[in-house]
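S.K.: Take a look at this one; I'll ask things after.
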Amino acid sequence: MSTTKAIQIKKNGGVEVLEYVDVPSPVMKGTDVLIRNHAIGVNFIDTYHREGIYPVSLPMVLGREGAGIVEAVGDQVTKFKVGDRVVYLSPGSYAETVAVAENMVSILPLELSFEIGAACLLQGLTGLTMVQEAYSIKKGDTVLIHAAAGGMGLVLTQLSKNYGATVIGTTSSTEKAELAKQVGADFVINYTCEDVYEKVSEYTKGLGVQAVFDGVGKDTFESSLKCCAPLATMISFGNASGKVPPVDILKLGAKNIKLMRTNLFNFFTTPESFHNYAFQLLELVKSKKITISIFKTYLLSDAHLAHSDLEGRKTTGKLVLLP
Ligand code: NDP
C-alpha cells in the first residue's frame with residue numbers, strides 16, 4: 001500500500017497528540033485533483049480540531065489549506081492538468097499529498113510563491129467574504145478589529161483600509177501594535193492594559209464603530225457589543241480565547257445591533273463562489289494591494305511547535321508548514 005507522511009491525531013488534546021506518521025495515500029474521486037504540497041497554511045481552526053472544540057471523527061489528518069503541484073487528475077476534472085501550480089482549501093492538508101475536490105482549487109499565479117499561496121488563502125478569503133458580505137464596508141466607516149496583528153487581523157486591516165474605513169485595532173503588545181500600524185491601522189489599543197470601550201469612545205467621539213470583527217471570542221464579546229454604534233454590525237468569527245457563551249438577544253435591541261457568526265465555507269453558496277473569491281484575492285495579493293506577512297515556516301514534522309506558538313500568542317501574521 002502506498003503511503004504519505006502526515007500529521008494525524010488519534011485523540012483530542014494538547015500538542016502532544018499531534019503525530020507525524022505514514023498514512024495511506026489519498027484515494028481520488030473522479031472530480032478530485034491529487035496535489036503534492038509545497039507549503040501548508042496553519043490556522044487557529046486546526047487547534048480547535050486538535051482540542052475537540054470543533055468535534056471531528058478520529059483518526060484525522062489535520063489542516064484546511066495548502067499550495068502545491070497537481071500530480072494527477074480524476075477523469076471528470078476539467079479545469080486542471082498535471083503540473084499546474086495551485087492553492088486549495090481541503091480537510092487533511094497537513095500531509096505530503098492530498099486529494100482535493102476540483103471546485104476548491106485555484107491556479108496559483110507564477111508571481112506568488114507556494115508559501116505566500118498557502119499563507120493567504122483561508123485567511124484572505126475569510127477577510128474578503130466578511131468585508132463584502134457580513135458587513136459591506138463603506139468609505140468613512142470606522143471598524144474595530146481584534147487581534148489586529150494576527151493572521152486574520154493583518155488581512156482584515158488592509159482590506160478595511162482598501163475600502164476606505166478608519167481602523168481601530170487591538171493587540172496584546174506594543175510590538176504587535178506597531179505591526180498593525182505598519183499595514184494601515186489608524187489606532188491600536190493594547191487590550192491588556194487599556195480599556196477598549198473607553199478608547200473606542202475617545203477615537204469615535206462617543207459614536208462607536210459601524211462594525212466589529214471579533215475572532216477572539218469569549219474575552220472580547222461583551223466589550224465588542226458596547227463599542228458598536230447604533231445599527232452597527234457585530235461579526236463574531238472565532239474563539240481564540242474560548243467560545244462565546246450563549247447571548248441574551250435582548251442586548252442587541254439597545255442599539256439595534258446586527259449580530260453574525262461567520263464560517264468561511266458557508267459563504268460558498270454556488271459552485272462558482274470559491275473560484276470568484278479566490279481569483280479576487282490572488283489578484284489583490286499579486287498587485288500588492290494586500291501584503292501577506294509570514295511569521296515563520298516550520299517543518300511539517302514540527303507542527304506541534306507551530307501550534308504552541310500560535311496558541312501561546314507568540315505569533316504575528318501567518319504560520320506555514322513545509323513538507
Ligand atoms: P491569529 O494569528 O489571530 O492568532 C490568534 C490571536 O488571538 C493571538 O495572536 C492573540 O493576539 C489573540 N488572542 C486573544 N486572546 C487569546 C487567547 N486566550 N489565546 C490565544 N490567542 C488569543 O490567528 P488566526 O488569524 O489564525 O485566527 C484568528 C481568529 O479567526 C481565530 O479565532 C480563528 O478561529 C478565526 N477564523 C475564523 C474563520 C471563520 O471562517 N469563521 C476563518 C479563519 C479564522 P494578541 O496577542 O494580540 O491578543
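The values are calculated or read from the model by the stated rules, or taken from the named source; none is laboratory data. Just so it is clear, the structure is predicted and the values come from calculations on it, not from any experiment. Here the Cβ is made from the backbone with ideal geometry for all residues, glycine too, and neighbour counts use every protein chain on show. The area values use the complete protein model at the heavy-atom level, side chains included, leaving out ligands, DNA and RNA. Shrake-Rupley method; radii C 1.70, N 1.55, O 1.52, S 1.80 Å.
S.K.: Taking the chain as the reference, fit the longest principal axis to its C-alpha atoms, fit the long axis of helix 151-162 to the helix C-alpha atoms, and give the angle between the two in degrees, 0 to 90, nearest 10.
M.R.: 60
S.K.: Please compute the modelled spin-label separation between GLU71 and VAL15, points set 7 Å along Cα→Cβ, answer in nm with one decimal.
M.R.: Result for the modelled spin labels: 2.8 nm.
S.K.: With all protein chains present and a 1.4 Å probe, how do GLU222, GLU96 order by accessible area, largest first?
M.R.: Listed by decreasing accessible area, they come as GLU222, GLU96.
S.K.: Taking the inverse of the average 1/r across all pairs of different Cα atoms in the stretch 21-73, what Kirkwood radius in Å do you get?
M.R.: Result for the stretch 21-73, one decimal place: 12.9 Å.
S.K.: For the peptides 169-175, 1-7, what is the packing order when you average, over each peptide's residues, the other Cβ atoms within 10 Å and list the highest mean first?
M.R.: The packing order, highest mean first, is 169-175, 1-7.
S.K.: So, one more: If you count, for each residue, the other Cβ atoms within 10 Å and average over each peptide, how do 247-253, 11-17, 313-319 line up from highest to lowest?
M.R.: So the order, starting with the most tightly packed, is 313-319, 11-17, 247-253.
S.K.: Select from ALA278, ALA254, ALA229 the residue whose mean-square fluctuation is largest in a Gaussian network model of the chain (Cα-Cα springs shorter than 10 Å).
M.R.: It is ALA254.
S.K.: Dividing the alpha-carbon Rg of the chain by 2.2 N^0.38 Å yields what?
M.R.: So the chain has a normalised radius of gyration of 1.00.
S.K.: Each residue of the stretch 209-221 in order: what ³J(HN,Hα) in whole Hz does its phi give by Karplus 6.51 cos²θ - 1.76 cosθ + 1.60, θ = phi - 60°, with x for Gly and Pro?
M.R.: Whole-Hz 3J(HN,Hα) from phi for the stretch 209-221: 9, 7, 8, 10, 10, 10, x, 7, x, 3, 6, 10, 4.
S.K.: Another question about this same structure. Ignoring ligands, DNA and RNA, what percent of the 1.4 Å accessible area of the chain is carbon and sulfur?
M.R.: Its accessible area is 55 percent carbon and sulfur atoms.
S.K.: Taking 8 Å as the Cα distance limit and 6 or more residues as the minimum spacing, I'd like the relative contact order of the chain as a percentage.
M.R.: 17
S.K.: Shifting gears a bit: What net charge do the residues around ALA119 carry, taking every other residue with its C-beta under 10 Å from that of ALA119, with Lys and Arg at +1 and Asp and Glu at -1?
M.R.: -1
S.K.: Related question: Excluding ligands, DNA and RNA, what is the solvent-accessible area per residue of the stretch 142-243 at a probe of 1.4 Å, expressed in Å²?
M.R.: Result: 37 Å² per residue.
S.K.: Suppose we keep just the DSSP beta bridges with both residues in the chain; what percent of those would be antiparallel, to 5?
M.R.: 55
S.K.: Now for a different question. Taking the alpha-carbon centroid of each part, what is the distance from the stretch 255-273 to the stretch 29-103 in angstrom?
M.R.: 23
S.K.: Let me ask something else. Tell me what the chain gives for mean residue ellipticity at 222 nm when only DSSP H runs of n ≥ 4 count, each as -39,500 (n - 2.57), the sum divided by the residue total, rounded to 500 deg cm²/dmol.
M.R.: Calculated mean residue ellipticity at 222 nm is -8000 deg cm²/dmol.
S.K.: Further question on the same structure: Order CYS227, CYS193 by their accessible area, 1.4 angstrom probe, all chains in place, largest first.
M.R.: Final ranking, largest accessible area leading: CYS193, CYS227.
S.K.: Excluding ligands, DNA and RNA, what is the solvent-accessible area per residue of the stretch 16-59 at a probe of 1.4 Å, expressed in Å²?
M.R.: Normalised by residue count, the accessible surface of the stretch 16-59 is 47 Å².
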